[in-house]
Amino acid sequence: MADIKNTVVKFQSIIALLALCIVLTIMSDKFFTMENGWNIMRQISINVCISIGMTLVILTKGIDLSVGSVLAFTSAVVAGLFKYGIEVHQLDVYIGFTVFGAILTGLIIGCILGIFNGWMITRFKVPPFVATLAMLTIARGATMLWTGGLPITGLGENFNFIGTGWFLGIPMPVWITSILVAVAVIITKKTQFGRHIYAIGGNESAAKLSGININKIKFYVYAIAGVLAAVGGIILTSRLDSAQPNAGMSYELDSIAAVVIGGTSLSGGRGSIMGTVQGALIIGVLNSGLVLLNVSPFWQQIIKGLVILLAVIMDRLNHPNED
Amino acid sequence: MENQQNFILRAVNVTKKFGSVTALEDVNLDVHVGKVNVIVGENGAGKSTLMKILSGVYPEYEGKLLLNNEEVTFSNPKDAMQKGIAIIHQELNLIPYLNITENIFLGREIHNSFGFLDSEEMNRRAKEQLNRLNCNLNPKTLISDLRVGEQQLVEIAKAILEDAKVVIMDEPTSAISDTEVESLFKIIDSLKKQNVAILYISHKLDELFKIADRFIGLRDGKIVGSIENAKDAKKDDLIKLMVGRDIKGFYEKETVPFGEEVLRVENISLPKIDHKSSFIIKDINFSVRKGEVLGVFGLMGAGRTELLETLFGLHPTLMTGNIFIENKPVKINSVMDAIKNGMGLVPEDRKADGLVLQMDISKNVSMASVKNVIKNFFLNSTLEDSLSVKYIDSLKIKASSEKQLSGNLSGGNQQKVVLAKWLATTPKVLFLDEPTRGIDVNAKNEIYHVINSLAKQGLGIIVVSSELPEIMAISDRILTLSNSKITGEFTQAEANEEDIMKAAIK
């Protein structure tokens, strides 16, 4: 009996997802189409990207509220460098950036911002909530500065291929995200690094006393979150053909929602990447369904909030002895 | 012949089930007035469950309770308290950032006529309670500023606030020094004279013989007998009551030949963070040879745990002194350094510091040596599982499989998993901090045998313990630590309780 219960719990989110799909297929004939399928996958790809990093952070019992702003700043930098390069009048120097160069720079900046978060959290013991909240405002401000409050547009086909292109019949964003998911799954399940992440979230004190380098792993985890936020930003910018100064607003909330709905515990040590993907899918399918049914977008917000509550209540009931 | 009316609290045919598990079955128990009624039983016997029923934590059970010969039910702990049953929990339930008064009156605050808190009255009554306990602490002191022993006194003061008729004490001396234990026993004496009934639980057998008036045995949820005249009872009678079988050879240490020196520490000191001139441990010097078990005995606050933490790399910036492994000097600036140099530490609190309870046995066993279960860059579950199966067998860990969650194991088995984790690192030196804390008699024995066999394999072992009989039974040499310094050294031949205790309170 207990085994059956355990299996049901494990597949809870998949069952919910399937049920949702079935209901929506019945209610709208536009739902169960290839086109809508790719739509949903494309739309959730940015969230999945960010949420991979968020999952790792939350697994260590941390949180990263800055992902939305980091996404905005890095995408603004990438777009700006690609379109305008760097000009230093006094030295008569102009540095141009290729697509590859701009993207690389963006990823590095995302990494640096993540490392800064990690540094605040490990060296100065700033609580993750506070440290990343600060970064949220700092990065947003930096985005405004860099863009002057205006979007950077007109990036050209080469750049926009990332967000709008197709390869072997599958949209590029889906390729990128799927590869990242696969890598993340391997890391979490099959590497020492992944094992250590779970140990730190499960019991940081015991992990420390077992010789695990807590600070190093936390650094990496926040750095990864930063890089993945940058990846999300690049996909978004190339889809819209513009870097918006207010891009990514409240993306962190959608990301946390996906992580939590997918069964990762905010108290750390429990959860999975695939769970998060399922959580993102549930949100994506829900959004798509509500749009197809002509439900007001404001209802979407209310329903999303209720789904989060429902998911966490289920989680609590299944793990009653947790902190 | 006991007078029937001498009991104040009686449990009649009490049964408690959790799903399909029967924790208590048909328990009939009398708690006698003016006496210390000691309940003995191994871990998992049901003592905790029984106490929770008697103190109102579990309001649902089969059977009935009689208080003063009248049937009574407790809907919650507050209800039980108001009816005269007080309980002192094993884990202190105090709020560190509130003061003594606020903690004592938590949940039953006194209000003045305006509806606000009457701090003056509460402080006065708190002082009264502390005086009853011969304690002259200021009731406005914050709990976090108190030593553990003083905190336990506050916990007791909480319990006796409402003129309790029955006071239940669950391992009340687990965290306090021997001098404070003496104070507690004096308090128990005065409570007895006031006709309060005491229900006492403890694993420390020698303590029980000092304090008990009668013993009641609980085994596998059933009452198995009682010894009405505790003063006449012998240790073997008591163990038989607890365990139901004679424990043959209550641990006898096998002699082990000593090898070369494996660990030497010179002038180890750790200053206090806020007072650089005062020390947690000062000028510690000792050495351990392969195959030797060195016991470190000391009271609360002596610095025992901090000594182990320092040697294990947890205070790298503040510590001073030199450490030598196999006569070579080593720099230990982190736990990772300590492990690289062949040290292992089994911490005092296995649940908080030793295990990741949500992970299974396998993952816990490999945690300090994950590199060894990696094949082709990836974690290999076959390697991992066979590693833990090896230790499940050799340490006789009772579990359904290596995939059982470590949080579901009993205390003794959890401790074995922690030991397995360190054995998997093939250490040269093993530090054990209170290795049998909260573990029942049989499991204690098993752990002593494990320690002995590790010594036979050539490890140098340092055991820190506050249980004198334990230290004396397993150590080849005993150091006493008192107020940050080493105050005595005893070989097995020289070791006797009085001298060791004298050295430990210097």
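With the condition being within 12 Å of chain B (Cβ to nearest Cβ), I'd like the helices (runs of 4 or more DSSP H) fully within segment A:149-211 carrying at least 1 qualifying residues. Write out each step before concluding.
Details: elements: A:156-164, A:172-190, A:192-202, A:204-209.
In segment A:149-211, the matching helices (runs of 4 or more DSSP H) lie at A:172-190, A:192-202, A:204-209.
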Just wondering, is there one or more residues in segment B:161-175 that are touching a helix residue (DSSP H, G or I) at 6+ places or on another chain (Cβ under 7 Å), assigned to a helix (DSSP H, G or I), within 27 Å of B:LYS16 (Cβ to Cβ) and not aliphatic (A, V, I, L, M)? no
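Within segment B:369-409, count every residue that is part of a loop (DSSP other than H, G, I, E, B), within 14 Å of another protein chain (Cβ to nearest Cβ) and over 25 Å from the mean Cα position of the chain (by Cα). Steps first, answer last, please.
Let us first name the residues in segment B:369-409 that are part of a loop (DSSP other than H, G, I, E, B), namely B:369, B:376-377, B:380, B:395-404, B:409.
Next cut, within 14 Å of another protein chain (Cβ to nearest Cβ) only: B:369, B:376-377, B:380, B:400-401, B:403-404.
Restricting the remaining residues to those that are over 25 Å from the mean Cα position of the chain (by Cα) gives B:369, B:376-377, B:380, B:400-401, B:403.
Of the residues in that region, 7 qualify.
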Does A:VAL227 meet the test of being within 14 Å of chain B (Cβ to nearest Cβ), modelled with pLDDT of 95 or more and assigned to a helix (DSSP H, G or I)? no
Residue selected from segment A:266-275 under the condition surrounded by fewer than 24 Cβ atoms within 10 Å (Cβ to Cβ) and in a helix (DSSP H, G or I), by the criterion farthest from the other protein chains (Cβ to nearest Cβ): A:MET274
What is the one condition in (1) more than 10 Å from chain A (Cβ to nearest Cβ); (2) in contact (Cβ under 8 Å) with a residue 40 or more places away in the chain; (3) over 22 Å from A:ASN215 (Cβ atoms); (4) not hydrophobic (A, V, I, L, M, F, W, C) that B:THR310 does not satisfy? (3)
Conditions (1) touching a Cys at 6+ places or on another chain (Cβ under 9 Å); (2) surrounded by 19 or more Cβ atoms within 10 Å (Cβ to Cβ); number of the one not met by B:THR173: (1)
Apart from one, (1) touching a strand residue (DSSP E or B) at 6+ places or on another chain (Cβ under 9 Å); (2) within 23 Å of B:ILE280 (Cα to Cα) all hold for B:SER334; the odd one out is (1)
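Considering only residues that are within 14 Å of another protein chain (Cβ to nearest Cβ) and either among the aliphatic types (A, V, I, L, M) or at positive phi (or both), which ones fall in segment A:239-265? Give the derivation first.
Pass one, segment A:239-265, residues within 14 Å of another protein chain (Cβ to nearest Cβ): A:263-265.
A:GLY263 - this is the single residue of segment A:239-265 that is within 14 Å of another protein chain (Cβ to nearest Cβ) and either among the aliphatic types (A, V, I, L, M) or at positive phi (or both).
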Looking only at segment B:195-237, how many residues end up being modelled with pLDDT of 85 or more and part of a loop (DSSP other than H, G, I, E, B)? 6
Consider A:ASN215 carefully, then state whether it is of a type outside the set (A, V, I, L, M), crowded, with 21+ Cβ neighbours inside 10 Å and within 12 Å of chain B (Cβ to nearest Cβ). no
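Look through A:GLY110, A:GLY96 and report the one residue that is closer than 24 Å to A:GLY232 by Cβ and not β-branched (Val, Ile, Thr). Write out each step before concluding.
Details: A:GLY96 fails: closer than 24 Å to A:GLY232 by Cβ.
The unique qualifying residue is A:GLY110.
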The correct count of residues that are facing chain A (nearest Cβ under 9 Å) and touching a residue at least 40 places away in the same chain (Cβ under 8 Å) in segment B:328-344 is 1
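Take the residues of segment B:497-506 that are in contact (Cβ under 8 Å) with a residue 24 or more places away in the chain and in contact with a strand residue (DSSP E or B) (Cβ under 9 Å, 6 or more places away or on another chain): which is nearest to B:GLU309 (Cα to Cα)? So that I can check it myself, show each step before the final result.
Here is the first cut: in segment B:497-506, the residues in contact (Cβ under 8 Å) with a residue 24 or more places away in the chain are B:497, B:500-501, B:504-506.
Now narrow it down to the ones that are in contact with a strand residue (DSSP E or B) (Cβ under 9 Å, 6 or more places away or on another chain): B:500-501, B:504-506.
Working: B:ILE500: 24, B:MET501: 24, B:ALA504: 20, B:ILE505: 22, B:LYS506: 23 Å.
That would be B:ALA504.
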For the subset of segment A:178-212 comprising residues that are closer than 26 Å to A:ILE40 by Cβ and among the polar types (S, T, N, Q), which member is surrounded by the fewest Cβ atoms within 10 Å (Cβ to Cβ)? A:SER178
Could you tell me which of the residues B:LEU92, B:LEU153 is in a loop (DSSP other than H, G, I, E, B) and surrounded by 13 or more Cβ atoms within 10 Å (Cβ to Cβ)? B:LEU92
Taking B:ILE39 as the residue in question, decide whether it is modelled with pLDDT of 90 or more and of a type in the set (Val, Ile, Thr). yes
Restricting attention to segment B:345-368, which residues are more than 8 Å from every other protein chain (Cβ to nearest Cβ) and surrounded by fewer than 22 Cβ atoms within 10 Å (Cβ to Cβ)? B:GLU348, B:ASP349, B:LYS351, B:ASP360
From B:VAL148, B:VAL181, B:VAL196, grab the single residue that is in contact (Cβ under 8 Å) with a residue 60 or more places away in the chain, among the β-branched types (Val, Ile, Thr) and surrounded by fewer than 20 Cβ atoms within 10 Å (Cβ to Cβ). B:VAL148
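The values are calculated or read from the model by the stated rules, or taken from the named source; none is laboratory data. Predicted, not measured: the structure shown is a model, and the values here were computed from it. In this analysis, Cβ positions are derived from the backbone assuming ideal geometry, glycine residues included, and neighbour counts consider all displayed protein chains.
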